[in-house]
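Heads up, the thing below is written out as structure tokens.
Bear in mind these aren't lab numbers, they're just calculated from the coordinates by the rules spelled out. Predicted, not measured: the structure shown is a model, and the values here were computed from it. Here the Cβ is made from the backbone with ideal geometry for all residues, glycine too, and neighbour counts use every protein chain on show.
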Amino acid sequence: MSVLLKKPIFTNVSNSELAEQLEARKKSEKKLPTWFSASNIYYPNKLNIEQTSSEITAKYKADLVSGKSLVDVTGGLGIDSYFFSKKTDQVHHCELDPNLSEIAAHNFKILEAINVKTHAQNGLDLIKNSKTNFDWIYIDPSRRDNLKQRVFLLSDCLPNVVENLDLLFSKSDNILIKTAPLLDISAGINELNHIKEIHIIAINNDVKELLWVLQKGYHGGISIKTINKSAQNNQTFDFPLNSEKEVVSEFSKPLTYLYEPNAAILKSGAFKIIGQATQLKKLHTNTHLYTSDKLLDFPGRRFIIEDVLPYNKSALKKAGIKNANITTRNFPESVATIRKKMKIKDGGEIYLFFTKDFLENVIVLQCKKVKF
């Protein structure tokens with residue numbers, strides 16, 4: 001029976017609050033295992049849990065910072081602050097919502113993060129009024145405006161990082177900004193100054209965060225660092241941003257093996273340099289699939305090509321494919337349209353790539369996945 005339907009269980013805790021705690025804790029099991037496994041943790045509502053960083057991405061961010069002091073401008077539940085506290089001597093956790101600030105303070109105490117100081121105030125005000133400088137400033141601007149509409153430019157987020165960049169650099173030489181995967185990297189580069197690195201973090205081939213490392217006075221090239229973390233392995237690929245423009249791709253018809261870059265690489269725009277770095281040939285300028293005769297290591301999925309079919313009903317009917325995993329790349333029709341037209345159900349061990357080759361032929365690659 002639901003807790004909400006039972007008689008009051010505790011004197012000082014309503015059943016609705018208890019139900020909220022149980023639901024939020026359940027959502028934390030995989031995302032926040034440290035919090036989940038600790039006794040006496042108090043959870044905010046499930047929306048805060050959904051919006052907060054995971055422990056996996058928080059640990060990654062913590063490895064980017066060091067020094068004596070860090071300000072977490074938009075502290076929230078405090079997941080990032082907790083892991084920053086393991087890399088810096090003092091963390092200032094700022095949170096406008098006094099209730100959430102109190103929850104974070106309670107949980108820091110439970111988790112023995114004694115070097116985190118909580119401030120129930122606007123983090124920009126703390127920075128502005130501080131008489132000292134900080135080694136790092138971390139900020140995770142909200143991806144919604146005052147009308148709660150989704151936004152896609154940094155200047156439209158809250159707080160406005162672009163507008164406050166001079167203030168941030170007046171109190172720290174190092175700024176770390178987290179943005180959502182939807183943010184266009186080119187737009188972010190146009191809005192920000194002194195970008196040293198951009199990190200693209202994916203978990204199980206799903207891009208979760210973009211991280212922008214800014215260093216005061218830095219005017220060199222931007223390094224792009226991608227990582228796709230999974231239970232099997234961590235796929236990494238790093239490259240200088242400008243190098244992508246200098247590479248000339250080599251093209252080929254489909255050979256023995258097919259390669260599909262992971263989501264972090266696709267987000268980075270490393271469409272030419274990934275082929276050069278891994279000695280692979282592209283199928284088409286706008287088809288971000290690669291091929292080779294010999295099986296090579298690759299930061300993405302690898303397949304053996306069993307057949308190359310023309311895109312028509314008779315060819316697919318003759319192949320006798322009833323179930324398949326379908327992917328489209330540089331193809332005029334959607335997966336849903338293809339399934340309906342070709343009567344192919346989802347699932348199974350066959351992978352079909354509907355795409356174009358460098359001669360503009362519309363083709364279907366029938367493949368099987370190469371396991372690690």
Looking at ASN160, HIS288, LEU182, which one has the Cα that reaches farthest to the positive end of the dipole of the chain (charges on Cβ: Lys, Arg +1; Asp, Glu -1)? HIS288
With the Cα gyration tensor of the range 52-149 giving a ≥ b ≥ c as the square roots of its eigenvalues, does the rule (a/c under 1.5 for rounded; else a/b larger than b/c for prolate; else oblate) give rounded, prolate or oblate? rounded
Taking R0 as 25 Å, what's the FRET efficiency between ASP97 and GLU23 from their Cβ-Cβ distance, rounded to 0.05? 0.80
When the charge dipole of the chain is computed with +1 on Lys and Arg Cβ and -1 on Asp and Glu Cβ about the Cα centre, the Cα farthest towards its positive end, among PHE36, LEU96, ILE363, belongs to ILE363
May I ask you to derive the FRET efficiency for LYS318 and LYS294 from their Cβ-Cβ distance with R0 = 41 Å, giving the value to the nearest 0.05? 0.85
What does the charge add up to near ASN325, with Lys and Arg as +1, Asp and Glu as -1, over the other residues with Cβ less than 10 Å from its Cβ? -1
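What net charge do the residues around SER81 carry, taking every other residue with its C-beta under 12 Å from that of SER81, with Lys and Arg at +1 and Asp and Glu at -1?
Charge balance near SER81 sits at 0.
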For the range 52-220, give the magnitude of the charge dipole about the Cα centre (Cβ charges: +1 Lys/Arg, -1 Asp/Glu; no others), in debye to the nearest 20. 220 debye
Work out the length of the dipole vector of the chain about its Cα centre, built from +1 on the beta-carbon of each Lys and Arg and -1 on the beta-carbon of each Asp and Glu, and round it to the nearest 20 debye. 1580 debye
Three-way shape label, the chain, alpha-carbon gyration tensor, a/c 1.5: oblate
Would you please classify the overall shape of the range 52-220 from the alpha carbon gyration tensor, given that a ≥ b ≥ c denote the square roots of the eigenvalues, rounded means a/c under 1.5, and beyond that prolate means a/b larger than b/c while oblate covers the rest? rounded
Of ALA104, ALA231, ALA113, the one that fluctuates the most in a GNM where the chain has Cα springs shorter than 10 Å: ALA231
Gaussian network model of the chain, springs between alpha carbon atoms under 10 Å - residue of LYS61, LYS345, LYS318 with greatest fluctuation: LYS318
Compute the signed sum of charges (Lys and Arg +1, Asp and Glu -1) over the other residues within less than 10 Å, Cβ to Cβ, of LYS68. -2
